[in-house]
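All of the numbers you see were taken from the coordinates with simple rules; none came from a lab. Remember, it's a predicted structure, so these values are computed and weren't measured experimentally. Note: ideal-geometry Cβ built from the backbone for every residue, glycine included; neighbour counts use all protein chains shown.
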């Protein structure tokens, strides 16, 4: 297959009238369109305006998609205990599958080809199946919560770890190794020391299994951990084994100098989620400082209840402009830096090699965008357009592992209307009352 | 004409299965769809998902549209003196017309029906004609710059004022009073005292003519004014007559307590431009404080070179979430507040009565949005969806003064492809070298 257009192979390589030649699951070569057309005339050609690597979503809650817009303008604990946890506790297996499909549909439609996906406590199998069947690449994990958690989410430590291990054995490396496993404790506040240490042991027992959790998103969280352990949150995570090159920490808004040093020393990955941090008023993560220290930073949309979209393009713009205004410097977090966060930064965090650039021998995760719109007129620089001007709505072609998931804006691997209809039906009948009563007892 | 859907008549009025009945330029009534269909069976029905008042863009630079993406990640003075001023100085009359058409096309496509539009020094006639012909409502003004300005933009004070008066006489109240005039000095830095005082005199000489300028957008600007006058910028503007109920000040990021008090006392309107303030690293305007003081705040996209879009929906989201993260409070700048800024707040600033709500007897400026998308699934609350979830791309119907400008996503009043093609052609051949050399001599 030949994918033709202006090729943004990586943050510093733009090929006008370019082409990405895909054979099987791999990019065979990237080069001049005419030359490759002559050389490989029998390969089908897909034409678009801009061809780029598929985006890696560094922190996603696909199964929260049914809660898009359910809790606006709330205090954080109202948001969490009145809506989000009750919703996760209430959804049946079929509803969780529908929620995951809705999330993955949006990822495919808007250009995210790999998701580091924080599922829920129950029914994780259904999300693994949905991601695998819909053709996405992902690092997914069932959530562990063994304290300070409402009924329906709270599990005994041993049960949570055993269920995680069952899922590792079933799904890690599944679907042609597109789907891999991350052990996913929710955050230090809702996990005991035994649970967190067990997560590290579990990850170490299986080759390639990683760890993904929330860390230092807001001040009440770090205060709680400090009260529990006498330590800063990142130091505590380090103490129990949850730092390192196989660990992805979402948010890291509130970290002190010693914690940042620790993140850098241990090679821990940080996922920045600017839209979520803005809407939930968490704070501004010190992303430029992290990058200066050599910390790998990925970019994530978090979940639809706090964003309200999984569009990675508006997230890129947000990541750049939030740093600029916070530091009062319009030159920082420039287009190249942000593009790398959303591609190679995410790929490193997810642990897939040969991912995040369009290069010979690399994985064929490729997206195509239209520029036939007023918002892309005129178009002086295609790379900065992707960061500041493009929208998920511009994505018209999505390819993962050489398989076309969306072409000409039509999703091929799923029935988009059916997924939306099912989600709307579930939302219409969603009754959170009982789960909300349970959860509210735990509200600080 | 009947426009049917879920009607958001204002920030506190939602009518499911509602209808807006339009006769001529006016809304005759708003109510139940079935009832109005029975009562007015001969009126054509247009159906959409969400019906709402057209957005009022409180600070727009339509003619900067040709500079979308031309200057990314720059220091502010590089942005201004290397790109923006040279571009404004270089464009011919035909190119200025093309730039304006591109801007107005984007407004129509994304749901802004009234623009408070900061034009350029030269060729303003062409923008007035374009706005009028394309059916928009607007408060437009030619820019005055009589010092610290490059060749091609610098004018003698008397000439700048005389040209403004000629345009007032020609266009104020034109196109069925859809188009009105705002005297538009660029900002205090590039205007002499005589010019600023002349602007006030001119505005006072013509009924309904207003004043629109930039104020206190960034720190170097307020430092310059302080050095020039020994006064804070808002105090200086007040001194020369540029505060009051007929004055719209864009940005107002850097104001002290006494200046805010002055804005409140004088009834001066402030237009908040969050995306621009973020990308140019200007700072975070104290919007919630302004609202608490009773200052009317409108919302604006500023220009494509600093945004990069004129989409008012992403601007609403930005306005809310930037305040939340800045104040670390997720409950402030809520959906209702932001919706009002983008509708009634803008209408007050623009000075058009009966504008910004869907009410019997009010002006028939109405837009319709689709919710048949993944990003609108599920949809718990249509009002908060408009602020946090909707996109300009969702707008499929745009009506101003009862005239349909766009229907089913197709712009009727202009050839969208031709406008985009022309803009791309001009951008391809744009040569800023000479104007840039002129402008750079003035760079601080």
Using only Cα atoms, tell me the angle between helix A:157-171 and the longest principal axis of chain A; keep it within 0 to 90° and round to the nearest 10.
20
Once the label point is placed 7 Å from Cα along Cβ, list for residue A:410 the distances to the corresponding points in the other copies, in nm, shortest first.
2.0
What are the equivalent ellipsoid semi-axes of region B:368-444, built from the alpha-carbon gyration tensor (square roots of five times its eigenvalues), in whole angstrom, biggest first?
38, 20, 13
Between 0 and 90°, nearest 10: helix B:257-266 axis offset from chain B longest Cα axis
60
At a 10 Å Cβ-Cβ cut-off, how would you order A:317, B:170, A:359, fewest neighbours first?
B:170, A:359, A:317
If each of residue B:360 and residue A:372 carries a label point 7 Å out from its Cα toward its Cβ, how far apart are those two points in nm?
4.7
Among B:113, B:268, rank each residue by its count of other Cβ atoms within 10 Å, from fewest to most, as a rough exposure measure.
B:268, B:113
Please tell me the relative contact order of chain A in percent, rounded to the nearest whole number, where contacts are Cα pairs under 8 Å and at least six residues apart.
22
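With a 10 Å Cβ neighbour count serving as the proxy for reagent exposure, in which order, fewest first, do A:343, A:271 appear?
Taking fewest neighbouring Cβ atoms as first place, the list is A:343, A:271.
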Simple spin-label model, 7 Å along Cα-to-Cβ: residue B:34 to residue B:441 in nm?
7.4
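Which value in Å is the Kirkwood Rh of region A:137-226 over different Cα pairs?
It is 13.4 Å.
Have a look at the DSSP beta bridges in region B:155-304 and tell me what percent are antiparallel, nearest 5.
Working: 1 of 14 bridges.
Of all bridge pairs located within region B:155-304, approximately 5 percent are antiparallel.
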For region A:43-64 and region B:123-162, compute the distance between their C-alpha centroids and round to whole Å.
44
Give me the angle, in degrees from 0 to 90, between the Cα long axis of helix B:93-110 and the longest principal axis of the Cα atoms of chain B, rounded to the nearest 10.
40
Given all pairs of distinct Cα atoms, region A:1-102 yields a Kirkwood Rh in Å of 17.1
What are the semi-axes of the equivalent ellipsoid of chain B, taken as the square roots of 5 times the eigenvalues of the Cα gyration tensor, listed largest first and rounded to whole Å?
34, 24, 21
How big is region A:144-195 in terms of Cα radius of gyration and Dmax, in angstroms?
12.4, 38
Can you tell me what share of the DSSP beta bridges in the protein assembly as shown is antiparallel? A percent to the nearest 5 is fine.
45
Within region A:55-350, the percent of DSSP beta bridges that are antiparallel, given to the nearest 5, stands at 5
Express in nm, to one decimal, how much length is gained between residue A:201 and residue A:329 on full extension, taking 0.36 nm for each residue of separation and deducting their alpha carbon distance.
41.8 nm
Rg(Cα) / (2.2 N^0.38 Å) computed for the protein assembly as shown, rounded to two decimals
0.94
Once you put a point 7 Å from the Cα of residue A:265 and another 7 Å from the Cα of residue A:220, both along the Cβ direction, what distance in nm separates them?
3.2
